[in-house]
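To keep things clear, I will list the structure first and then write my remarks on it.
The values are calculated or read from the model by the stated rules, or taken from the named source; none is laboratory data. Computed from a prediction, not measured in an experiment: that's the story for all the values here. Because the Cβ atoms are built from the backbone with ideal geometry, glycine has one as well, and the counts that use them run over all protein chains shown. All accessible areas refer to the heavy atoms of the entire protein, side chains included, with ligands and DNA or RNA removed. Shrake-Rupley method; radii C 1.70, N 1.55, O 1.52, S 1.80 Å.
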Amino acid sequence: MTRHTILLGAPIQTGASQPGCIMGPQSLRTAGLAKIIEDLGWQVSDRGDLTITPQRPTPHPNAAIHHLAETRAWIDTVREAALAAGRDCDLPVFMGGDHSMAAGTLPAMAARAAEAGRPLFVLWLDAHPDLHSLDSTESGNLHGTPMAYALGLPGFGSAYPANAHPLDPANVCMMGIRSVDRAEAKRILETGIEVHDMRAIDETGVIAPLKAFLARVAAANGMLHVSFDVDFLDPSFAPAVGTTVPGGATFREAHLILEMVGDSGLATSLDLVELNPFLDERGRTARVLCDFTASLFGRRVLDRQTRSY
Ligand SMILES: NC(=[NH2+])NCCC[C@H](N)C(=O)O
Ligand SMILES: [Mn+2]
């Protein structure tokens with residue numbers, strides 16, 4: 001049976017300090033995301049881009065926070081549309097937008113998993129754990145908060161919607177982490193989330209920890225959401241991101257991770273976030289993201305035969 005994917009754009013840039021992620025979905029389309037997946041035998045539907053209406057500012061005791069009202073509106077809009085996309089296909093691709101998008105997609109995928117009576121697992125590929133609450137963020141950039149919110153951690157009051165389906169921290173695996181704020185470090189220790197920072201990856205490689213995680217997902221008959229932040233990658237080959245951190249995953253490390261996830265057949269949803277086309281070089285980061293996505297959708301070397309001239 002032909003498998004079906006839905007592409008859904010969430011052009012959010014209010015969670016980041018630098019503008020530009022608003023162009024993320026269009027850049028992925030221009031780089032040919034739909035065709036790359038179609039060529040692998042999938043049926044692809046593009047549901048276009050979500051929008052929110054203009055918002056009146058809502059104050060918050062943490063004065064660093066900006067665009068709280070927009071973020072909240074995006075969370076509600078993304079959550080509803082992501083849940084519908086999740087119900088309607090095998091593996092939706094959520095095209096950001098900055099990472100605050102995941103404050104909508106993670107609860108949506110958790111709700112979908114609950115409907116299916118299966119646990120949700122999350123593979124978080126990112127330089128940052130995004131474990132801030134509204135109380136702890138120092139930058140005020142709300143793309144630093146989605147994981148804390150999705151886990152149901154305190155510090156959000158009623159500024160974000162109530163989270164009816166908090167993630168189990170035991171089902172989260174983070175890779176690529178190399179920039180952690182103090183409050184986030186504390187939360188990593190308190191929650192016991194599995195974090196493979198770049199130091200650990202340098203020592204052990206990605207294969208062993210990923211195999212172990214995927215085996216847990218399979219054993220639990222889990223659904224698997226992959227949240228892919230461009231800054232997971234080394235900025236030398238993926239420059240189109242506002243929060244670059246040196247020492248990121250190499251091209252091969254990232255491919256291997258997505259190839260292994262692809263082989264496992266376990267992935268049930270994907271976020272592609274933080275692509276800032278304004279900072280790209282001739283579309284190379286968008287192309288690289290499409291290539292990685294193809295690996296997750298099962299592309300092998302022989303699916304991509306070269307042509308000699
Ligand atoms: N999704 C991201 N790029 N997050 C970066 C967050 C960086 C930093 N921890 C902050 O809160 O400002
Ligand atoms: Mn992130």
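Per-residue accessible area for L189 at 1.4 Å probe radius, Å² rounded to 10?
150 Å²
What number comes out for accessible area per residue over the chain if the probe is 1.4 Å? Units Å², please.
Ligands and nucleic acids excluded, the figure is 42 Å² per residue.
Go through H66, H132 and list them by solvent-accessible area, largest first, probe radius 1.4 Å. Before the final figure, lay out the partial values.
Values: H66 50, H132 10 Å².
Descending accessible area places them as H66, H132.
How big is the charge dipole of the chain about its Cα centre, in debye rounded to the nearest 20, if each Lys and Arg gets +1 on its Cβ and each Asp and Glu gets -1 on its Cβ?
520 debye
Tell me, what ³J(HN,Hα) does each residue in segment 33-39 have, in order and in whole Hz, if you take phi through Karplus 6.51 cos²θ - 1.76 cosθ + 1.60 with θ = phi - 60° and put x for Gly and Pro?
Once θ is set to phi - 60°, the couplings for segment 33-39 become 4, 4, 5, 4, 6, 4, 5 Hz.
Taking only Cα atoms, what is the 0 to 90° angle, nearest 10, from helix 284-296's long axis to the longest principal axis of the chain?
That works out to roughly 70 degrees.
Compute the Cα gyration tensor for the chain, then decide on rounded, prolate or oblate, letting a ≥ b ≥ c be the square roots of its eigenvalues: rounded whenever a/c is under 1.5, prolate when a/b is larger than b/c in the other cases, and oblate in all that remain.
rounded
Got a sec? What order do W74, W124 fall in by accessible area at 1.4 Å, biggest, i.e. largest, first?
The most accessible residue leads, giving W74, W124.
Report, to the nearest 10°, how far helix 207-219 tilts away from the longest principal axis of the Cα atoms in the chain, using its own Cα long axis and a range of 0 to 90°.
Helix 207-219 sits roughly 80 degrees off the main axis of the chain.
Which one of L153, P166, P119 has its Cα pushed farthest toward the positive end of the charge dipole of the chain, where Lys and Arg give +1 and Asp and Glu give -1 at the Cβ?
Projecting each Cα onto the dipole axis, the largest value belongs to P119.
So, taking all protein chains as they sit and a 1.4 Å probe, how much accessible area belongs to H67, in Å² rounded to tens?
Counting only protein heavy atoms, the figure is 90 Å².
Farthest toward the dipole's positive end in the chain, which of P209, H60, F297, given Cβ charges of +1 (Lys, Arg) and -1 (Asp, Glu) about the Cα centre?
Sorting the options by dipole projection puts first F297.
Which value, in Å² rounded to 10, gives the accessible area of S236 with a 1.4 Å probe and all protein chains present?
Around 80 Å² of this residue is reachable by solvent.
Where a ≥ b ≥ c are the square roots of the eigenvalues of the C-alpha gyration tensor, would you call segment 197-266 rounded, which needs a/c under 1.5, or, failing that, prolate if a/b is larger than b/c, or oblate?
Prolate.
Name the long-range amide H neighbours of Q13: under 5 Å, sequence gap of 5 or more, or other chain; modelled H, no Pro or chain starts.
Under 5 Å from the amide H of Q13 lie the amide H atoms of D98, each far enough along the sequence or on another chain.
Net charge near F237, counting Lys/Arg +1 and Asp/Glu -1 over other residues with Cβ under 13 Å of its Cβ?
For residues surrounding F237, the net value is -2.
Round to the nearest 10 and give me the degree value, 0 to 90, for the angle of helix 102-116's Cα axis relative to the longest principal axis of the chain.
That works out to roughly 70 degrees.
Can you compute the charge dipole magnitude of segment 27-141 about its Cα centre, using +1 on each Lys and Arg Cβ and -1 on each Asp and Glu Cβ, nothing else charged? Give it in debye, rounded to the nearest 20.
Numbers: 9 positive and 15 negative charges, 44 e Å.
Dipole of segment 27-141, to the nearest 20 debye: 200 debye.
Quick one: order T71, T2 from most to least accessible surface, probe 1.4 Å.
T2, T71
Helix-only estimate, please: 222 nm mean residue ellipticity of the chain, summing -39500 (n - 2.57) across DSSP H runs of length 4 or more and dividing by its residues, to the nearest 500.
On the way: 10 runs with 111 residues, N = 309.
Dividing the helical sum by the residues of the chain leaves -11000 deg cm²/dmol.
Please list, ordered by chain and number, the residues whose modelled amide H lies under 5 Å from the amide H of E194; skip anything fewer than 5 residues away on the same chain.
Residues meeting the criterion, in which the H sits 1.01 Å from N, are V172, M174.
Where the centroid of each part is defined by its Cα atoms, how far is segment 136-212 from segment 264-305 in Å?
Segment 136-212 and segment 264-305 have Cα centres separated by 23 Å.
Rounded, prolate or oblate: which one fits segment 238-309, using the alpha carbon gyration tensor with axes a ≥ b ≥ c (rounded when a/c is under 1.5, else prolate when a/b beats b/c, else oblate)?
oblate
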